[in-house]
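Here is the structure we will look at, set down as structure tokens.
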Amino acid sequence: MKRICFLTDSIFSFGGVQRVTAVIAKELAKDYDVTIVTKDRPEQKDTTLYNLAESNIHYRFFSFPKVARWKQYFCKAYSYLYRRQLPQTRLTSDIYAHSSFPYEQRKALWTELQAGNYDVIIGVHAPLAVRLATCRCHLKGTRLIGWVHNSYEALFGEGSLYIGPELRKHYEFQLAKLDKTVVLCNDDAQKYHLPTQVIYNPLTLVPDTPSEGTSKKFLAVGRFSRLHKGFDLLIEAFRIFAEQESEWTLDIVGEGVEEPLYHQLIEEYHLQERVHIHPFTNHVQQYYHDAQVYVLSSRWEGFGLVLVEAMAHGLPVVSSNLPTSKEIMGDFGLYFINGDVNGMARQMLAATQLDWQEKSKQALQIAARFNLDTIINQWKQLIDER
């Protein structure tokens, strides 16, 4: 039986990446020996989250050792030169890979991974995938796969909150050392200059009964991280919408650092009776069932899994015109230009006038393409490649 390892920042916390990783790992554990190496602390372990207790998955808790202060200064100096001054070559990239990931930390990681004697290691998220790549020479005979969950533009575009354009070539040089990098849409695959494979995220929850389409409720779901999901834009768009329509309400489900901002906007626009914020729940299906239209206001997405979840409950979707949204939904979505709150408000108003029953049928048909069995078979084929 092949031994598979997922190397991840976190599995025992709320988030779309954590949920998808858990679902994929649980399914693969039916046919492989699966271990998750996580940077979570041991006291965070909670296998009731994402129903992880249902599967025979092994867990190992890993943390990087501290680096001497003098070495940190030296590494930061080279890192600054690489980002600002030096030519972007394979050699300078390899030096930067070591300066930004000092020897003590590299050794700790490859020692941890060697101990598992894994056949396949999957680095979840671009930064960990790159760190995995720097350990390539110490993991000979092991198939190494990167799994990138954010879009290419979100990672490397101007104004990126993650990596930034100055490290675009570095990431490509390093990811090319892996056997394969999994991306979540064809638009991203075309932008990378290295071996990639597109594997969509699957529907990760069992749908509740479909929506009846009579509630006059908009729904949005996601982590309240800085700027990402655009819930600030959504509240602004709903304010504009509410000036023309007096009955519909908005539910936003999630948690995170931007929540105080949302409450502030709701109070400022006097929308307390019409916009409601709810915490994360393992039973989010009830919110999908109770909604009539889903709104994706994200400024960027690697893969809009919530779109699939919403359509699996028969919901029409208003969405920013992200490449991944168009790839998932085609002509089905009611799109607005990314960041355009007036355009979002117009499409929300248009959504209230839809032939809802017809749209609901289309939604269910599209969601069926993201069947878990189909996606798992693609992962198995990738894992079993020689």
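The values are calculated or read from the model by the stated rules, or taken from the named source; none is laboratory data. Only a predicted model underlies this, so the values are computations on that prediction, with no experimental measurement involved. Note: ideal-geometry Cβ built from the backbone for every residue, glycine included; neighbour counts use all protein chains shown. What goes into the accessible areas is simple: the full protein's heavy atoms, side chains included, and nothing from ligands, DNA or RNA. Shrake-Rupley method; radii C 1.70, N 1.55, O 1.52, S 1.80 Å.
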**OP:** Output the residues belonging to segment 90-119 that are in contact with a helix residue (DSSP H, G or I) (Cβ under 9 Å, 6 or more places away or on another chain), open to solvent by 30 Å² or more (accessible area, probe 1.4 Å) and among the small types (Gly, Ala, Ser).
**Re:** SER100
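For segment 23-61: of the residues being part of a loop (DSSP other than H, G, I, E, B) and either in contact with a Ser or Thr (Cβ under 7 Å, 6 or more places away or on another chain) or among the β-branched types (Val, Ile, Thr) (or both), which is modelled with the lowest pLDDT? Show your work before the answer.
Here is the first cut: in segment 23-61, the ones part of a loop (DSSP other than H, G, I, E, B) are 29-32, 39-41, 45-48, 55-57.
Still in the list and also either in contact with a Ser or Thr (Cβ under 7 Å, 6 or more places away or on another chain) or among the β-branched types (Val, Ile, Thr) (or both): 29, 39-40, 47-48, 57.
Values: ALA29: 97, LYS39: 97, ASP40: 97, THR47: 94, THR48: 91, ILE57: 97.
Ranking the qualifying residues of segment 23-61, first place goes to THR48.
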Subject >> Residue ID - surrounded by the most Cβ atoms within 10 Å (Cβ to Cβ), chosen from residues in segment 250-261 that are out of contact with any Leu (no Cβ under 9 Å at 6 or more places or on another chain) and in contact (Cβ under 8 Å) with a residue 12 or more places away in the chain >> reply: GLY254
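Against the definition (open to solvent by 60 Å² or more (accessible area, probe 1.4 Å) and of a type in the set (Val, Ile, Thr)), how does ILE122 come out, yes or no?
So ILE122 fails the test.
Kindly indicate which of LEU261, LEU194 is of a type in the set (A, V, I, L, M, F, W, C) and either at pLDDT below 95 or at positive phi (or both).
Numbers: LEU261 fails: either at pLDDT below 95 or at positive phi (or both).
Being of a type in the set (A, V, I, L, M, F, W, C) and either at pLDDT below 95 or at positive phi (or both) holds for just one of LEU261, LEU194, which is LEU194.
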Original post:
Got a number for residues in segment 213-241 being open to solvent by 20 Å² or more (accessible area, probe 1.4 Å) and in a helix (DSSP H, G or I)?
Top reply: 5
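Conditions tested, residue by residue: (1) closer than 22 Å to GLU236 by Cα; (2) in contact with a strand residue (DSSP E or B) (Cβ under 7 Å, 6 or more places away or on another chain); (3) among the aliphatic types (A, V, I, L, M).
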{"position": "GLY304", "(1), (2), (3)": "yes, yes, no"}
{"position": "LEU322", "(1), (2), (3)": "yes, no, yes"}
{"position": "TYR335", "(1), (2), (3)": "yes, yes, no"}
{"position": "LEU349", "(1), (2), (3)": "yes, no, yes"}
{"position": "ALA367", "(1), (2), (3)": "no, no, yes"}
{"position": "ILE376", "(1), (2), (3)": "no, no, yes"}
Original post:
So which of SER297, SER246 ends up being among the hydroxyl-bearing types (Ser, Thr, Tyr) and either over 24 Å from SER360 (Cα atoms) or modelled with pLDDT under 95 (or both)?
Top reply: SER246
Original post:
Does any residue of segment 303-317 turn out to be open to solvent by 10 Å² or more (accessible area, probe 1.4 Å), modelled with pLDDT of 95 or more and not aliphatic (A, V, I, L, M)?
Top reply: no
Subject >> Single residue of segment 266-291 satisfying the filter (part of a helix (DSSP H, G or I), free of Cβ contacts under 8 Å to residues at least 40 places away in the same chain and open to solvent by 60 Å² or more (accessible area, probe 1.4 Å)) that is nearest to LEU250 (Cα to Cα) >> reply: GLU267
Original post:
Which residue pairs have Cβ atoms closer than 7 Å, lie 6 or more positions apart in sequence or on different chains, and pair a first residue in segment 303-327 that is touching a residue at least 24 places away in the same chain (Cβ under 8 Å) and farther than 24 Å from VAL206 by Cβ with a second residue that is part of a helix (DSSP H, G or I) and open to solvent by 10 Å² or more (accessible area, probe 1.4 Å)?
Top reply: VAL318/GLN347; PRO323/ASP187; GLU327/ASN186; GLU327/ASP187
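So, LEU205, is that one open to solvent by 20 Å² or more (accessible area, probe 1.4 Å) and either not in a loop (DSSP other than H, G, I, E, B) or not polar (S, T, N, Q) (or both) or not?
Working: open to solvent by 20 Å² or more (accessible area, probe 1.4 Å): yes; either not in a loop (DSSP other than H, G, I, E, B) or not polar (S, T, N, Q) (or both): yes.
Spelling it out, LEU205 is indeed open to solvent by 20 Å² or more (accessible area, probe 1.4 Å) and either not in a loop (DSSP other than H, G, I, E, B) or not polar (S, T, N, Q) (or both).
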Original post:
Is it true that some residue in segment 8-19 is hydroxyl-bearing (Ser, Thr, Tyr) and surrounded by fewer than 20 Cβ atoms within 10 Å (Cβ to Cβ)?
Top reply: yes
Original post:
In this structure, does VAL148 turn out to be open to solvent by less than 10 Å² (accessible area, probe 1.4 Å), at pLDDT 95 or above and among the hydrophobic types (A, V, I, L, M, F, W, C)?
Top reply: yes
Original post:
Name the residues in segment 41-69 that are within 18 Å of THR21 (Cα to Cα), surrounded by 13 or more Cβ atoms within 10 Å (Cβ to Cβ) and of a type in the set (Val, Ile, Thr), would you?
Top reply: THR47, ILE57
Original post:
Name the residues in segment 241-283 that are within 22 Å of the chain's Cα centre (by Cα) and closer than 17 Å to LEU227 by Cα, would you?
Top reply: ILE252, VAL253, GLY254, GLU255, GLY256, VAL257, GLU258, GLU259, TYR262, ILE277
Original post:
Any idea which of (1) out of contact with any Ser or Thr (no Cβ under 7 Å at 6 or more places or on another chain); (2) assigned to a helix (DSSP H, G or I); (3) surrounded by 17 or more Cβ atoms within 10 Å (Cβ to Cβ); (4) touching a residue at least 24 places away in the same chain (Cβ under 8 Å) is the one TYR294 doesn't satisfy?
Top reply: (2)
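Tell me whether segment 66-76 contains one or more residues that are in contact with a Cys (Cβ under 8 Å, 6 or more places away or on another chain) and in contact (Cβ under 8 Å) with a residue 12 or more places away in the chain.
The first filter runs over segment 66-76 and keeps only residues in contact with a Cys (Cβ under 8 Å, 6 or more places away or on another chain), leaving 67.
Retained after the next criterion (residues that are in contact (Cβ under 8 Å) with a residue 12 or more places away in the chain): 67.
Looking for residues that are in contact with a Cys (Cβ under 8 Å, 6 or more places away or on another chain) and in contact (Cβ under 8 Å) with a residue 12 or more places away in the chain, one finds at least one in segment 66-76, hence yes.
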Original post:
Restricting to segment 336-348, what's the tally of residues that are surrounded by fewer than 17 Cβ atoms within 10 Å (Cβ to Cβ) and either within 22 Å of GLU247 (Cα to Cα) or touching a residue at least 24 places away in the same chain (Cβ under 8 Å) (or both)?
Top reply: 2
